[in-house]
Amino acid sequence: MAESKTERTCVACRQAKDKQQLVRYVVAPDGAVLVDYRQRLPGRGSYTCISVDCIQAAVKKNCFQRSFKGKCKSVDAADLQQQLIAALDQRITSLIGMSRKSGQFMSGTNAVIESLRKKNSLAVVIMADDISAAIGSKIEALVQKNKIYSVRLYNKQFIGQLLGKDERSVIAIPAGSLVEALLNELHRYTQLVREN
Ligand SMILES: [Zn+2]
């Protein structure tokens with residue numbers, strides 16, 4: 001059975017949106033408000049937009065207390081933002097792991113540069129924050145020329161760890177079934193980190 005689109009309202013700005021476009025929160029047994037990013041935890045849920053503004057406004061205006069009918073502890077906006085970023089992190093690294101297992105994947109500077117020069121079907125390029133300036137600008141130029149989405153994320157060591165290898169400066173993912181989901185999470189992540 002196809003899941004129908006269900007709208008929920010952001011407790012801060014009161015806009016109704018498809019719940020997939022919102023963050024869900026639940027109250028843990030100890031009263032703490034938890035980010036339920038995958039929207040699978042049981043119990044009453046509250047929602048906000050995936051935005052620092054709405055999270056901060058929800059905390060400032062006591063929207064969580066109202067929505068959970070006073071059954072939650074006091075809430076800290078910075079803590080919710082950290083929980084949300086951690087959930088996005090987990091989602092991104094798991095999507096990278098899935099694309100790697102499905103073979104929709106490329107890593108290493110030479111392989112990625114060669115592939116970009118051949119103008120093949122790469123869809124997402126992820127460069128480490130600490131990629132060398134020379135290689136970074138070389139890839140940046142090719143990415144712009146081919147109009148491919150690229151982002152600087154994590155460091156070489158972390159990317160290497162994701163792949164069970166030593167350091168890796170760049171990974172790339174060709175167009176395919178996982179790209180839409182990955183792009184969605186990367187947009188959310190970069191926007192949140194920028195606003196944070
Ligand atoms: Zn909102």
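Here, each number is a calculation from the coordinates, and none is a lab measurement. Model, not experiment: these values are computed from the prediction. Using ideal geometry, Cβ is built from the backbone for each residue, glycine included, and neighbour counts are taken over all protein chains shown.
Say a paramagnetic label sat at a point 7 Å from the Cα of Lys165, along Cα to Cβ; which residues of region 108-125 have their backbone N under 11 Å from it?
Those under the cut-off are 108-112.
Under the Kirkwood approximation for Rh and a Cα-based Rg, what ratio Rg/Rh is obtained for the chain?
1.04
Under unit Cβ charges (Lys, Arg +1; Asp, Glu -1), what dipole magnitude, rounded to 20 debye, does the chain have relative to its Cα centre?
500 debye
Just subtract the alpha-carbon distance of Asp30 and Glu180 from 0.36 nm times their residue separation and send over the number in nm, one decimal. Numbers along the way, then the final one.
Values: separation 150, 0.36 × 150 = 54.00 nm, distance 3.63 nm.
Full-extension gain reported as 50.4 nm.
For Ser137 and His187, what does the FRET efficiency come to when R0 = 25 Å and r is the distance between their Cβ atoms, rounded to the nearest 0.05?
Given R0 = 25 Å and the Cβ-Cβ separation, E is 0.60.
Identify, among Tyr189, Cys54, Ile85, the residue whose Cα sits farthest towards the positive end of the charge dipole of the chain, taking +1 on the Cβ of Lys and Arg and -1 on the Cβ of Asp and Glu, with the dipole about the Cα centre.
Cys54
Determine the equivalent ellipsoid of region 89-195 by diagonalising the alpha-carbon gyration tensor, then write out the semi-axes as square roots of 5 times the eigenvalues, largest first, rounded to whole Å.
Value: 18, 16, 15 Å, ordered largest first.
Please tell me which of these pairs span more than 24 angstrom C-alpha to C-alpha: Lys19/Lys61; Lys5/Lys101; Lys5/Lys73?
Working: Lys19/Lys61 21 Å; Lys5/Lys101 30 Å; Lys5/Lys73 31 Å.
Listed pairs above 24 Å: Lys5/Lys101; Lys5/Lys73.
Taking neighbour Cβ counts within 10 Å as the exposure measure, how do Phe158, Phe105 sort from fewest upward? Spell out each step's value before the answer.
Working: Phe158 15, Phe105 18.
So the residues, fewest neighbours to most, are Phe158, Phe105.
By how many nm would the segment from Arg14 to Lys119 grow when fully extended, if each residue of separation counts as 0.36 nm and the alpha-carbon distance is taken off? Don't skip to the end; give the middle numbers.
Values: separation 105, 0.36 × 105 = 37.80 nm, distance 4.46 nm.
Length gained between Arg14 and Lys119: 33.3 nm.
Could you check the simple spin-label distance between Lys101 and Asp130, using points 7 Å along Cα→Cβ, in nm with one decimal?
2.9 nm
Given R₀ = 35 Å, FRET efficiency for Lys69-Asn155 by Cβ-Cβ distance, to 0.05?
It comes to 0.20.
Roughly what would the spin-label model give for Asn62 and Gln82, points 7 Å off Cα along C-beta, in nm?
About 2.5 nm separates the two model spin labels.
So if we plug the beta-carbon distance of Leu41 and Lys147 into 1/(1 + (r/R0)^6) with R0 = 41 Å, what FRET efficiency do we get, rounded to 0.05?
Efficiency computed from Cβ-Cβ geometry: 0.60.
For Ile50, what residues show an amide H to amide H distance below 5 Å, using hydrogens built from the backbone and excluding near sequence neighbours?
Here Val23 satisfy the definition.
Can you quote the Å³ per residue value for the convex hull of the Cα atoms in region 151-196, rounded to an integer? Could the numbers behind the result be given before it?
Working: hull volume 3.7 nm³, N = 46.
That works out to 81 Å³ per residue.
Can you sort Thr6, Thr190, Thr48, Thr93 from fewest to most other Cβ atoms within 10 Å of each residue's own Cβ?
Numbers: Thr6 9, Thr190 14, Thr48 29, Thr93 17.
Taking fewest neighbouring Cβ atoms as first place, the list is Thr6, Thr190, Thr93, Thr48.
When a/c is below 1.5 the answer is rounded, else prolate if a/b is larger than b/c, else oblate, so apply that to region 7-78 with a ≥ b ≥ c taken from the square roots of the Cα gyration tensor eigenvalues. Numbers along the way, then the final one.
Numbers: a/c = 1.63, a/b = 1.15, b/c = 1.42.
Because a/c hits 1.5 or more and a/b fails to exceed b/c, region 7-78 counts as oblate.
Under the definition of Cα pairs under 8 Å and six or more residues apart, what whole-number percent is the relative contact order of region 7-78? Before the final figure, lay out the partial values.
Numbers: 120 pairs, mean separation 23.0, N = 72.
The normalised contact order for region 7-78 reaches 32 percent.
Over region 115-154, what is the relative contact order in whole percent, taking alpha-carbon pairs under 8 Å and six or more residues apart?
Computed over region 115-154, the figure is 55 percent.
Suppose only helical runs count, i.e. DSSP H with n ≥ 4. What mean residue ellipticity at 222 nm does that imply for the chain under -39500 (n - 2.57) per run, divided by all residues and rounded to the nearest 500 deg cm²/dmol?
Helices in the chain give a 222 nm mean residue ellipticity of -13500 deg cm²/dmol.
For the chain, modelled as a Gaussian network with Cα springs under 10 Å, which listed residue fluctuates most, Ile135, Ile173, Ile50?
The residue with the greatest mean-square fluctuation here is Ile135.
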